[in-house]
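S.K.: Here you go, one structure.
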Amino acid sequence: MDGFKVANLDLLLEATGEEGTKSILAGYSCPLNEDIEDFLHNKALVFAKQGLAKTHLVFASYKGDTVLVGYFALANKTLFIHRSASLSARLRQRIKRFSRVLQDANGYEISAPLIAQLGKNYANNYDSLITGDELLQIACNKIKDIQLLMGGKIAYLECEDKLGLLHFYERNGFVPFDKRPLDPGDRKVFKSDHLVQMIRYF
């Protein structure tokens, strides 16, 4: 999108070194979600080196400087969609083209990009330089670029069961299809006992 620059964390690490990269990441703050902040500060570099998830930093120009305004992390995951999932007939037919039917499990298995993390930087009011819709659109555009090379039409994410969050993602084309019980390690982070799984067809 115009006005924003997106940097892959791996390439940033090559260009600035580990200490320089950590210094940039340390300038990120997200008091609304400790998990999003903790991921960027403590897990993003590890996940990148291990190939588990790739983090992308979004920068904007502010008073002559280039500042970090947000980030997102992408991973390739396999998801399961039960036949009873509340999806429209049209979306269900589209999903079937990219899925493997599991008769015994009574549903579909799909390999698709996961938007694993997404968050604006609230340090120094940098969050005002980008909207949530713009940040999510940048993430979706990156997925489209990947799928242009590799194929696919589907992306998905998991979010807390909060009305504001659900409305935000639905406004941007994502559709809820199921709920996933939290892993034991996640129960300290989230208030509910599950996450809502959402899917988008491009």
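S.K.: Determine by what factor the alpha-carbon radius of gyration of segment 33-78 differs from 2.2 N^0.38 Å, reporting the quotient.
M.R.: 1.32
S.K.: State, to one decimal in nm, how far the label point of Leu91 lies from the label point of Leu182, with both points 7 Å from Cα in the Cβ direction.
M.R.: Taking the two extended label points, one gets 2.5 nm.
S.K.: How far is it, in nm, from the label point at Phe98 to the one at Val67 when both lie 7 Å from their Cα along the line to the Cβ?
M.R.: 3.6 nm
S.K.: Take the chain, mark every one of the trypsin sites (Lys or Arg not before Pro) that falls in a DSSP loop and has at most 15 other Cβ within 10 Å, then report the longest stretch left between them, sites excluded.
M.R.: Formally, the longest exposed-site-free interval is 1-62.
S.K.: Something else about it: First compute the accessible area of segment 1-72 with a 1.4 Å probe, then give the percent of it belonging to carbon and sulfur atoms.
M.R.: 51 percent
S.K.: Per 5 Å bin, what percent of the C-alpha pairs of the chain does each bin hold, from zero upward?
M.R.: Computed distribution, short to long bins: 1, 7, 14, 19, 20, 16, 12, 6, 3, 1, 0, 0.
S.K.: Additional query: Once both axes come from the Cα atoms, what is the angle between helix 132-150 and the longest principal axis of the chain, in degrees from 0 to 90, rounded to 10?
M.R.: 70 degrees
S.K.: I would also like to ask the following. Measuring from label point to label point, each 7 Å out along Cα→Cβ, what is the Ser23 to Leu52 span in nm?
M.R.: 2.8 nm
S.K.: Just to check, using Stokes-Einstein with a Kirkwood Rh over alpha carbon pairs, what's the diffusion coefficient of segment 134-181 at 37 °C and 0.692 mPa s in µm²/s?
M.R.: 273 µm²/s
The values are calculated or read from the model by the stated rules, or taken from the named source; none is laboratory data. Bear in mind that the values here come from a model prediction, so they are computed numbers and not experimental data. For neighbour counting, all protein chains shown are included, and Cβ atoms are generated from backbone atoms with ideal geometry for every residue, glycine included. The accessibility values were calculated without ligands, DNA or RNA, using every heavy atom of the protein model including side chains. Shrake-Rupley method; radii C 1.70, N 1.55, O 1.52, S 1.80 Å.
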